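Input: one structure, supplied below.
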Amino acid sequence: MSSERTSNDLGREPEPRHVVLATTLRDAISRGEFSPGERLPPERELADRFNASRTTVRLALSALKSQGLIGSGQGQGTYVRKARPIRVMAMDQDRRARRAENHAATFNSEIARQGRIGRQNILSVAPEPASAEVARWLRIAEGTPVLARRRVMLVDDDPYQLGDSYYVNELVKDTAIAEAAPVEEGVLTVLERVHGKPISYYIDELSFRMPTPEEATTLRLDPGVCVVRAVRIAYDSEDTPIEAFDQLLAGDKHILVYEVSGE
């Protein structure tokens, strides 16, 4: 590499050296030249290999760390992060046929299909006044008592998701949903039974942001890793919402798959 900024054929402003080096290293990681968990060469070796200053190397590594591609630790040096994302068949997992096939908590069963172990840590199950947001989702008055089930979803003991479910408390207060324990037959099965009508469809709301410090700690996120907020509302055939499921997904641990009809 030359000591000057690099430019391109379109005549755009040339890029700083550390940006070019970060791109080069990112491409090398993508090609598999550096494997997940592998330590990167020391700064001095990278500086010699790419004819760059140590400052340029540090800035490039800092950029990759902020993007969540590499990490560092005491005695570990700088290494490529081990990202093992799960595939989430977003339009399929809550369908009635799929739930009947699983005969267990949907999350655990779907993770098992991928050869891994899924489990849920229940943080709390308790009634609370509906916030403005929850009230909008469930089409109820703000402050109406709702039951909130809060949990952490883990894959191979690594936290992947935070999941908060909300229900009108009067509807579910005397069911297994109100207990601080896994619902063996599945929450949605119990919900349909007490509601007296099947779930007809779901609507998802997806948004993307950086995590709060507390969320980053709970999900064990490296700097620069974003989160995906996926709110799924379950409706009956009369368009009445009966569950609001507010999930926070670690951005580097999920691949969301949606099947969209071409008709």
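The values are calculated or read from the model by the stated rules, or taken from the named source; none is laboratory data. Note that the structure is a prediction, hence the values are computed from the model and not measured. Backbone-built Cβ (ideal geometry, glycine too); neighbour counts: all protein chains shown.
Could you figure out which of (1) in a strand (DSSP E or B); (2) loosely packed, with under 14 Cβ neighbours inside 10 Å; (3) touching a residue at least 60 places away in the same chain (Cβ under 8 Å); (4) of a type outside the set (Asp, Glu) isn't true of Ala234?
With respect to (1) in a strand (DSSP E or B); (2) loosely packed, with under 14 Cβ neighbours inside 10 Å; (3) touching a residue at least 60 places away in the same chain (Cβ under 8 Å); (4) of a type outside the set (Asp, Glu), Ala234 is out only on (2).
Tell me which of these Ile122 doesn't satisfy, since it passes every other one: (1) modelled with pLDDT of 95 or more; (2) out of contact with any helix residue (DSSP H, G or I) (no Cβ under 7 Å at 6 or more places or on another chain); (3) of a type in the set (A, V, I, L, M, F, W, C); (4) not in a strand (DSSP E or B).
Failing condition for Ile122: (4).
Considering segment 196-205 alone, what residues qualify as being loosely packed, with under 14 Cβ neighbours inside 10 Å and either of a type in the set (A, V, I, L, M, F, W, C) or within 23 Å of Ala63 (Cα to Cα) (or both)?
If the condition is that a residue be loosely packed, with under 14 Cβ neighbours inside 10 Å and either of a type in the set (A, V, I, L, M, F, W, C) or within 23 Å of Ala63 (Cα to Cα) (or both), then Ile203 is the only one that fits.
Table: residues versus (1) closer than 21 Å to Thr217 by Cβ; (2) acidic (Asp, Glu).
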residue: Arg116; (1), (2): no, no
residue: Gln120; (1), (2): yes, no
residue: Val125; (1), (2): no, no
residue: Pro129; (1), (2): no, no
residue: Ala132; (1), (2): no, no
residue: Trp137; (1), (2): no, no
residue: Gly143; (1), (2): no, no
residue: Arg150; (1), (2): yes, no
residue: Asp158; (1), (2): yes, yes
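Name the single residue, out of those in segment 22-51 being part of a helix (DSSP H, G or I) and of a type in the set (Gly, Ala, Ser), that is nearest to Gly71 (Cα to Cα).
Only one residue fits best here, namely Ala22.
Does segment 47-87 hold any residues that are of a type in the set (Val, Ile, Thr), buried (at least 18 other Cβ atoms within 10 Å of the Cβ) and over 22 Å from Pro36 (Cα atoms), and which are they?
Scanning segment 47-87 gives a single hit, Thr56.
Residue check: is Arg99 farther than 20 Å from Leu206 by Cα, at pLDDT below 90 and either part of a helix (DSSP H, G or I) or over 16 Å from the mean Cα position of the chain (by Cα) (or both)?
yes
Each row is one residue, and each column tells you yes or no for (1) among the aromatic types (Phe, Trp, Tyr); (2) more than 25 Å from the chain's Cα centre (by Cα).
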{"site": "Tyr166", "(1), (2)": "yes, no"}
{"site": "Ala180", "(1), (2)": "no, no"}
{"site": "Lys197", "(1), (2)": "no, yes"}
{"site": "Ser200", "(1), (2)": "no, yes"}
{"site": "Pro211", "(1), (2)": "no, no"}
{"site": "Tyr235", "(1), (2)": "yes, no"}
{"site": "Glu238", "(1), (2)": "no, yes"}
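Which is farther than 18 Å from Val80 by Cβ and either not charged (D, E, K, R) or not in a helix (DSSP H, G or I) (or both), of Val57, Val19?
After ruling out the rest, the residue left standing is Val19.
Still on this model: Would a scan of segment 244-259 turn up a residue that is over 30 Å from Leu61 (Cβ atoms) and in contact with a Phe, Trp or Tyr (Cβ under 6 Å, 6 or more places away or on another chain)?
Checking segment 244-259: at least one residue is over 30 Å from Leu61 (Cβ atoms) and in contact with a Phe, Trp or Tyr (Cβ under 6 Å, 6 or more places away or on another chain).
Something else: How many residues are surrounded by fewer than 20 Cβ atoms within 10 Å (Cβ to Cβ), free of Cβ contacts under 8 Å to residues at least 40 places away in the same chain and β-branched (Val, Ile, Thr) when one looks only at segment 169-195?
Total meeting the criteria: 3.
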